[in-house]
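Below is one structure, written out as structure tokens; comments come after it.
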Amino acid sequence: MGKIKRVAVLTSGGDAPGMNAAVRAVTRAAINNNMEVYGIMRGYEGMINGEFKKLESRDVSGIIQKGGTILKTARSARFRTPEGRKEAYENLSRHEIDAVVVIGGDGSFTGASIMSQEFNIPCVGIPGTIDNDLFGTDYTIGYDTALNTVVEAVDKIRDTASSHNRIFFVEVMGREAGFVALESGIATGAEVIMIPEVKDQLKELREFLSKRAKSNKSSIIMVAEGDDEGGAIELSQKVQPEFPQFDIRVTILGHIQRGGSPTCYDRVSASRMGVAAIEALLDDQKSIMIGLVNGQISHVPLNKTVKAHKHVRKNYLDVAHILAM
Ligand code: ATP
């Protein structure tokens with residue numbers, strides 16, 4: 001206990017609402033335990049460039065409600081190389097940093113896991129990504145806010161869709177995972193939900209449209225951007241010629257899903273995880289991610305969270321099928 005005197009915190013990969021709440025929690029929990037805190041700007045790129053900034057309690061005032069990240073974020077090709085990581089580690093040593101807290105997704109944790117092994121420096125990850133695709137945690141910071149943004153937007157699309165009896169293909173984020181599409185699809189009553197985890201859904205979509213051709217009602221087809229049949233534009237182009245009677249429209253929600261003030265759930269989760277990250281370091285943890293499982297804080301080895309695959313909940317898929325008629 002008490003070996004860690006100075007800790008660094010950074011945000012990396014895609015930004016997510018609630019990252020600021022996590023930065024605030026890490027900073028204040030560390031100060032509360034008599035540690036000094038340095039914020040590293042622009043993720044691993046800033047670690048290599050030496051962009052370190054001492055953080056006091058007041059530096060993280062008034063940010064809990066803000067989207068984005070005050071530390072900025074970046075993707076760093078140089079950190080993928082041993083030379084880049086060596087430069088990064090030399091900057092950590094120069095600033096006498098004893099441990100690093102990384103807020104990001106699986107790519108960021110792969111980097112943290114490698115750095116922790118190469119230089120024997122404790123690294124703790126906090127899951128921050130709107131995709132919710134990290135093994136070992138039920139929720140990632142930003143996911144709840146993104147879901148609520150999608151739900152609000154699709155409710156509006158539904159109003160115009162039903163006024164004109166249109167079929168809307170709505171594309172949401174999720175290159176490799178369908179968590180956002182599945183859960184927001186259930187919440188908005190989407191008639192079909194297309195996600196990468198379920199293969200060959202074109203048949204299901206065609207069957208649905210054939211049935212709908214008789215009733216001529218409006219519909220929402222929720223599509224994860226990484227669906228194996230293509231994104232919303234590609235899918236709509238595949239089916240439009242077979243169903244010329246439909247007035248098909250496409251909406252790609254895009255980056256609005258990343259922005260906005262974090263929800264209460266994301267703020268509280270980020271606050272709990274930030275405090276837990278400092279407690280884990282005090283507990284001598286070296287290379288773990290903080291997770292939330294059944295509402296409780298959990299510790300998952302970093303190398304496990306990047307290797308293992310998190311599956312969408314089968315019972316959510318069942319619910320979606322039962323309710324979409
Ligand atoms: P998101 O899920 O939002 O995309 P992410 O953390 O997965 O977030 P990535 O761009 O995959 O985002 O990774 C962020 C950074 O982590 C990369 O730019 C790179 O610097 C570092 N990183 C990723 N993979 C590795 C790796 N194999 N070795 C070293 N560093 C890595």
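The values are calculated or read from the model by the stated rules, or taken from the named source; none is laboratory data. Nothing here was measured: the structure is a model prediction, and the numbers come from that model. Here the Cβ positions follow ideal geometry from the backbone for every residue, glycine too, while neighbour counts run over all protein chains shown. These area figures cover heavy atoms from the full protein model, side chains too; ligands, DNA and RNA do not enter into them. Shrake-Rupley method; radii C 1.70, N 1.55, O 1.52, S 1.80 Å.
Counting the residues of the range 213-237 that are among the hydrophobic types (A, V, I, L, M, F, W, C) and surrounded by fewer than 17 Cβ atoms within 10 Å (Cβ to Cβ) gives 2.
In contact with an Asp or Glu (Cβ under 8 Å, 6 or more places away or on another chain) and closer than 24 Å to I195 by Cα: is that true of V239 in this structure?
Details: in contact with an Asp or Glu (Cβ under 8 Å, 6 or more places away or on another chain): no; closer than 24 Å to I195 by Cα: yes.
Against the criterion (in contact with an Asp or Glu (Cβ under 8 Å, 6 or more places away or on another chain) and closer than 24 Å to I195 by Cα), V239 does not qualify.
Residues considered: V250, V293, V312. Of these, the only one that is surrounded by 15 or more Cβ atoms within 10 Å (Cβ to Cβ) and either in the same structural domain as E225 (by TED's automatic domain parsing) or at pLDDT 95 or above (or both) is V250.
When you look at A270, is it open to solvent by less than 80 Å² (accessible area, probe 1.4 Å), in contact with a Gly (Cβ under 6 Å, 6 or more places away or on another chain) and in the same structural domain as N33 (by TED's automatic domain parsing), yes or no? Lay out the reasoning, then the answer.
Details: open to solvent by less than 80 Å² (accessible area, probe 1.4 Å): yes; in contact with a Gly (Cβ under 6 Å, 6 or more places away or on another chain): yes; in the same structural domain as N33 (by TED's automatic domain parsing): yes.
When the stated conditions are applied, A270 passes them.
Return the residues of the range 131-174 that are of a type outside the set (S, T, N, Q) and within 23 Å of V100 (Cβ to Cβ); say none if nothing qualifies. I'd like the intermediate steps shown before the answer.
Just the residues of the range 131-174 that are of a type outside the set (S, T, N, Q), to begin with: 131, 133-136, 138-139, 141-144, 146-147, 150-159, 161, 164, 166-174.
Residues satisfying the conditions are D131, D133, L134, F135, G136, Y139, I141, G142.
For the range 290-311, check the following and say yes or no: at least one residue is assigned to a strand (DSSP E or B), in contact (Cβ under 8 Å) with a residue 12 or more places away in the chain and polar (S, T, N, Q). Checked the range 290-311: at least one residue is assigned to a strand (DSSP E or B), in contact (Cβ under 8 Å) with a residue 12 or more places away in the chain and polar (S, T, N, Q). Would you point out the residue of the range 105-133, among those that are under 19 Å from R313 (Cβ atoms) and more than 8 Å from the ligand (Cβ to nearest atom), that is surrounded by the most Cβ atoms within 10 Å (Cβ to Cβ)? Ranking the candidates gives P127 first.
Among the residues of the range 205-212, is any of a type in the set (G, A, S), free of Cβ contacts under 8 Å to residues at least 40 places away in the same chain and open to solvent by 40 Å² or more (accessible area, probe 1.4 Å)? Scanning the range 205-212 turns up at least one residue that is of a type in the set (G, A, S), free of Cβ contacts under 8 Å to residues at least 40 places away in the same chain and open to solvent by 40 Å² or more (accessible area, probe 1.4 Å).
Against the numbered list (1) of a type in the set (A, V, I, L, M); (2) out of contact with any helix residue (DSSP H, G or I) (no Cβ under 6 Å at 6 or more places or on another chain); (3) open to solvent by less than 10 Å² (accessible area, probe 1.4 Å), I97 comes up short only at (3). Look at (1) under 25 Å from the mean Cα position of the chain (by Cα); (2) at positive phi and you find that D200 fails only one, number (1). Scan the range 24-74 for residues that are touching a Gly at 6+ places or on another chain (Cβ under 8 Å) and within 16 Å of the ligand (Cβ to nearest atom) and the total you get is 10. For the range 154-178, filtering for residues that are within 29 Å of G291 (Cβ to Cβ), modelled with pLDDT of 95 or more and surrounded by fewer than 23 Cβ atoms within 10 Å (Cβ to Cβ) leaves 0. Pairs are defined by a Cβ separation below 6 Å, a sequence spacing of at least 6 or placement on different chains, a first member in the range 149-171 that is closer than 20 Å to Q245 by Cα and assigned by TED's automatic domain parsing to the domain that holds T188, and a second member that is open to solvent by less than 50 Å² (accessible area, probe 1.4 Å) and among the small types (G, A, S); the pairs so defined are A161/S218; S162/S218; N165/S218; R166/S218; I167/S219; F168/A161; F169/A232; F169/S236.
A88 versus (1) within 11 Å of the ligand (Cβ to nearest atom); (2) touching a Ser or Thr at 6+ places or on another chain (Cβ under 8 Å): which is the lone unmet condition? Condition not satisfied by A88: (2).
Residues of the range 75-85 being open to solvent by 60 Å² or more (accessible area, probe 1.4 Å), within 11 Å of the ligand (Cβ to nearest atom) and out of contact with any helix residue (DSSP H, G or I) (no Cβ under 7 Å at 6 or more places or on another chain), which ones? Working first, answer last.
Keep residues of the range 75-85 that are open to solvent by 60 Å² or more (accessible area, probe 1.4 Å), which gives 75, 77-78, 80, 82-83.
Filter once more, keeping what is within 11 Å of the ligand (Cβ to nearest atom): 75, 77-78, 80, 82.
Listed by number, the residues that qualify are R75, A77, R80, P82.
Of the residues in the range 205-215, not one is assigned by TED's automatic domain parsing to the domain that holds L253, at pLDDT 95 or above, in contact with a strand residue (DSSP E or B) (Cβ under 9 Å, 6 or more places away or on another chain) and not aliphatic (A, V, I, L, M).
Of the residues that make up the range 124-143, is at least one hydrophobic (A, V, I, L, M, F, W, C), in a helix (DSSP H, G or I) and within 19 Å of the chain's Cα centre (by Cα)? Spell out how you get there, then give the answer.
Narrowing the range 124-143 to residues hydrophobic (A, V, I, L, M, F, W, C): 124, 126, 130, 134-135, 141.
Still in the running and in a helix (DSSP H, G or I): none.
No: the range 124-143 contains no residue that is hydrophobic (A, V, I, L, M, F, W, C), in a helix (DSSP H, G or I) and within 19 Å of the chain's Cα centre (by Cα).
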